[in-house]
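Each remark here refers to the structure printed beneath this line.
The values are calculated or read from the model by the stated rules, or taken from the named source; none is laboratory data. Owing to the predicted nature of the structure, the values given are computational and were not obtained by experimental measurement. Here the Cβ positions follow ideal geometry from the backbone for every residue, glycine too, while neighbour counts run over all protein chains shown.
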Ligand SMILES: NC(=O)c1ccc[n+]([C@@H]2O[C@H](COP(=O)([O-])OP(=O)(O)OC[C@H]3O[C@@H](n4cnc5c(N)ncnc54)[C@H](OP(=O)(O)O)[C@@H]3O)[C@@H](O)[C@H]2O)c1
């Protein structure tokens, strides 16, 4: 049976665990061959690759620190070279550095901007050199860009808000090439960086309309739709997958 993403090649940054792993697996289920980057956890990334291969798709994992532009560009070129093309880029890897304004360091500022803002820019720049008509860029932002409910999120919220502008501007710029660019803003999602049984989970659940955390697969479903041919007329948009956190 034909699948929506048959013949496509996707790259997911930070695809070894959490939301990125769920996205990688879902895109493969939809028929894509999938590459993923990781920073430290090679074993986790290899496990995702094995699952994708077991499902009959090609897959590869590349170590690439998103804060290093040269590593990111090398990873994109390697993926396009080894898998033969690049159709879908998911900018998922994120830095989550929190703290009171007066205690945050310039190093933390630079790291946050490097991973959450510069990397999506540089990775998109490298990826579009390989993309043709029908290409997809999907950025992973955050509900915190729209509603800052807790203190300590200045760097994170600032960086994720930048993705709204990047998404709109690239959507405008790449529209003539039939490449779409969209932003998925997850709400609280059960991963190692924000476990659904963490100390603030009850408070966080109360901020949502649905009263619960998302699973990573909830976010992956939205990404898969935006990557599909059916989403070809959606660009520059923000899709909130936040259980009503921002309403
Ligand atoms: N979980 C939530 O509640 C939530 C809510 C809103 C938005 N988000 C966003 O969703 C995205 C994924 O979050 P998550 O919760 O799934 O995170 P996670 O479980 O902590 O996983 C992070 C993934 O990103 C990779 N990564 C981190 N820093 C990297 C770097 N500098 N270079 C390359 N890869 C890097 C990690 O690789 P290693 O395994 O090698 O360390 C890992 O695969 C992030 O952009 C985050 O801001 C999450």
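Restricting attention to region 113-132, the residues being surrounded by fewer than 23 Cβ atoms within 10 Å (Cβ to Cβ), in a helix (DSSP H, G or I) and out of contact with any strand residue (DSSP E or B) (no Cβ under 8 Å at 6 or more places or on another chain) number 8. Listed conditions (1) crowded, with 18+ Cβ neighbours inside 10 Å; (2) in contact with a helix residue (DSSP H, G or I) (Cβ under 7 Å, 6 or more places away or on another chain) are all met by residue 238, apart from (1). Identify all residues within region 133-174 that are assigned to a strand (DSSP E or B) and either surrounded by fewer than 19 Cβ atoms within 10 Å (Cβ to Cβ) or within 12 Å of the ligand (Cβ to nearest atom) (or both); write none if there are none. Hits for region 133-174 are 138, 139, 140.
For residue 181, the requirement of being crowded, with 20+ Cβ neighbours inside 10 Å and either touching a residue at least 12 places away in the same chain (Cβ under 8 Å) or on the phi > 0 side of the Ramachandran plot (or both) is met. Taking the criterion of being in a helix (DSSP H, G or I), surrounded by fewer than 24 Cβ atoms within 10 Å (Cβ to Cβ) and within 13 Å of the ligand (Cβ to nearest atom), the residues of region 27-48 that qualify are 42, 43, 44, 46, 47. Out of everything in region 1-26 that is in a loop (DSSP other than H, G, I, E, B) and touching a strand residue (DSSP E or B) at 6+ places or on another chain (Cβ under 8 Å), what residue ends up being surrounded by the fewest Cβ atoms within 10 Å (Cβ to Cβ)? The selected residue is 17. So, residue 212, is that one more than 27 Å from residue 111 (Cα to Cα) and touching a residue at least 40 places away in the same chain (Cβ under 8 Å) or not? Judged against the criteria, residue 212 is not a match.
Number of residues in region 1-33 that are modelled with pLDDT of 95 or more and either more than 14 Å from the chain's Cα centre (by Cα) or within 19 Å of residue 179 (Cβ to Cβ) (or both): the value is 19.
Pairs needed: first member in region 56-74, farther than 14 Å from residue 28 by Cα and free of Cβ contacts under 8 Å to residues at least 40 places away in the same chain; second member anywhere, near the ligand (Cβ under 8 Å from one of its atoms) and part of a loop (DSSP other than H, G, I, E, B); C-beta distance under 6 Å; at least 6 residues apart or different chains. Sorted first by the residue in region 56-74, then by its partner, the pairs are 65/39; 71/64; 71/65. In region 49-59, the residue that is surrounded by the most Cβ atoms within 10 Å (Cβ to Cβ) out of those that are more than 14 Å from the ligand (Cβ to nearest atom) and assigned to a helix (DSSP H, G or I) is 52.
Has region 186-193 got any residue that is free of Cβ contacts under 8 Å to residues at least 40 places away in the same chain and over 27 Å from residue 171 (Cβ atoms)? Checked region 186-193: at least one residue is free of Cβ contacts under 8 Å to residues at least 40 places away in the same chain and over 27 Å from residue 171 (Cβ atoms). Scanning region 77-90 for residues that are under 25 Å from residue 184 (Cα atoms), away from the ligand (no atom under 13 Å from the Cβ) and not in a loop (DSSP other than H, G, I, E, B) yields 77, 79, 80, 88, 89. Going by what's in this entry, would residue 222 be described as out of contact with any helix residue (DSSP H, G or I) (no Cβ under 6 Å at 6 or more places or on another chain), under 16 Å from residue 143 (Cβ atoms), assigned to a loop (DSSP other than H, G, I, E, B) and at pLDDT 95 or above? No: the conditions fail for residue 222.
Considering only residues of region 175-184 that are more than 15 Å from the chain's Cα centre (by Cα) and either within 12 Å of the ligand (Cβ to nearest atom) or assigned to a helix (DSSP H, G or I) (or both), which is farthest from residue 15 (Cα to Cα)? Only one residue tops the list, namely 176.
Looking at this structure, is residue 187 under 15 Å from residue 143 (Cα atoms) and away from the ligand (no atom under 13 Å from the Cβ)? Against the criterion (under 15 Å from residue 143 (Cα atoms) and away from the ligand (no atom under 13 Å from the Cβ)), residue 187 does not qualify.
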